[in-house]
Amino acid sequence: MFYRIQFFEDKNLVDSDFFQAFMLTSISALLLLVPINLGNITLSFFYIPILFLLLYNTFGYKLLSIGIVFVVYYFVFDYDLMQFFIFLGLAILFFLIVPFIRTPKMVILIGSNFIFTCLYMILLHLFVAPISLNVGFLFVIFSSIATFLASLIYTDIQNLIRLYKRVEEEKFYDPLTKLGNIKTMDTHLDEMFLKNESISILLIDIDNFKLINDMQGFESGDRLIKQLSDLLKNHVPTGGTLFRNTGEEFSMVLGDLNFDSTVRLAEGIRNSVELTKFHVDESDVINMTVSIGIGYVDTKEATRKDLVKIADSMLFAAKKQGQNRVMFAPIG
């Protein structure tokens, strides 16, 4: 039921520490509805979600959740108070030791639960009521099985959530360079047209990239794209934003930068790329060049489509006139 909520629209809420704490605290309280009678003592598996909480969540929510579970445990279901104090002491011990163990979390959780439950049974036997060896052994085994199954489900669903978030992010961001894609650029431009007097855009396209890809292979091509994106990031001025539009085309959006400065920036980028040695692999390097088309508009007199159309036509002209050059439409 709780994980069905994960598919609500507000992904920021359901993937938050608050939601995880709310879910695990609720499950812990619900498990108190399923008592396990062991002779003179009544137990439940309420502590298993708390162990998850201690491992996966923040200190504030851990403390709050344990407080809520205590209220439900003692004042609603009237469980034995000594049992809760024993649980609380072990939980504090768990909290102090487990975060420093460098082992996969599932192994930590299952191993810790086994040790936790064994100690819990021993302390209950000593301070609350006698528990036979067979009964205690069975309780430990069933607790370990329940923790193992819950851990599998929890881990699997967390992996699905991460996958879903990555797919969602890839709608707006390029996974290779971590730059915004063309959808993000369009949204960004729309916002800039509302607050800037002028906007310029540089469309930066690698020359003969298909030939490079065919000769060097797609893996090397991706490596070159990543290196070029890192180089371009170093040229983005304050207030500018870099995007990856397509395979070999990048765009740099600039607000309220005068036309002459925009042209100088583009020429600087073109020159920097031409002089850089790009690594195909650990031993081989190649030279690359880029063609750049500049679009520059007054936001009161033009639209986003006008800006992109100008830049695109200038990029086409740069390619047609020999590549490795900057082209722009004169203004004024």
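The values are calculated or read from the model by the stated rules, or taken from the named source; none is laboratory data. Everything numeric here is computed off the predicted structure, so don't read it as measured data. Cβ coordinates were reconstructed from backbone atoms using ideal geometry, including for glycine residues, and neighbour counts include every protein chain displayed. Quick note on the areas: whole protein, heavy atoms, side chains included, nothing else; ligands and nucleic acids left out. Shrake-Rupley method; radii C 1.70, N 1.55, O 1.52, S 1.80 Å.
Points worth noting:
- For the chain, the longest principal axis of the alpha carbon atoms and the long axis of helix 182-195 meet at an angle near 80°.
- Computed over the chain, the per-residue total of -39500 (n - 2.57) for DSSP H runs of n ≥ 4 gives a 222 nm mean residue ellipticity of -19000 deg cm²/dmol, rounded to 500.
- Accessible surface ranking that places the most exposed of THR299, THR42 first, with a 1.4 angstrom probe: THR42, THR299
- Cα long-axis angle, helix 17-31 against the chain (0 to 90 degrees, to the nearest 10): 20 degrees
- Rolling a 1.4 Å probe over the protein heavy atoms gives the chain an accessible area of 55 Å² per residue.
- Using the Cβ-Cβ distance between ALA329 and SER283 with R0 set to 51 Å, the FRET efficiency works out to roughly 0.75.
- Largest accessible area first, the listed residues ARG162, ARG244, ARG304 line up as ARG162, ARG304, ARG244 when surface is computed with a 1.4 Å probe on the assembled protein chains.
- For the chain, the longest principal axis of the alpha carbon atoms and the long axis of helix 218-233 meet at an angle near 80°.
- Cα centre as origin, Lys/Arg/Asp/Glu Cβ charges: the chain dipole, Debye: 440 debye
- For SER283, solvent-accessible area (1.4 Å; no DNA, RNA or ligand), Å²: 100 Å²
- Between the listed residues PHE328, VAL253, VAL308, the Cα displaced farthest toward the positive end of the dipole of the chain, a dipole computed from Cβ unit charges relative to the Cα centre, is found at VAL253.
- Surface accessible to a 1.4 Å probe, ILE36 within the full protein complex, Å²: 50 Å²
- Set against the labelled values (1) 26.8, 90; (2) 22.2, 70; (3) 30.4, 94, Rg and Dmax of the Cα atoms in Å computed from this structure falls on (3).
- With 31 Å as the limit on Cα-Cα distance, the pairs of LYS226/LYS300; LYS62/LYS178; LYS165/LYS277; LYS233/LYS309; LYS165/LYS233 that go past it are LYS226/LYS300; LYS62/LYS178; LYS165/LYS277.
- Top of LYS320, LYS171, LYS226 by mean-square fluctuation, Gaussian network on the chain, Cα under 10 Å: LYS320
- Dividing the mean sequence gap of close Cα pairs (under 8 Å, 6+ apart) by how many residues the chain holds gives a relative contact order of 13 percent.
- Distance between modelled label sites at LYS171 and ALA317, nm, 7 Å Cα→Cβ extension: 3.8 nm
- Under 5 Å from the amide H of LEU38 lie the amide H atoms of LEU43, each residue being 5 or more positions distant or on a separate chain, with H modelled from the backbone and absent for Pro and chain starts.
- Protein accessible area in the chain, 1.4 Å probe - carbon and sulfur %: 63 percent
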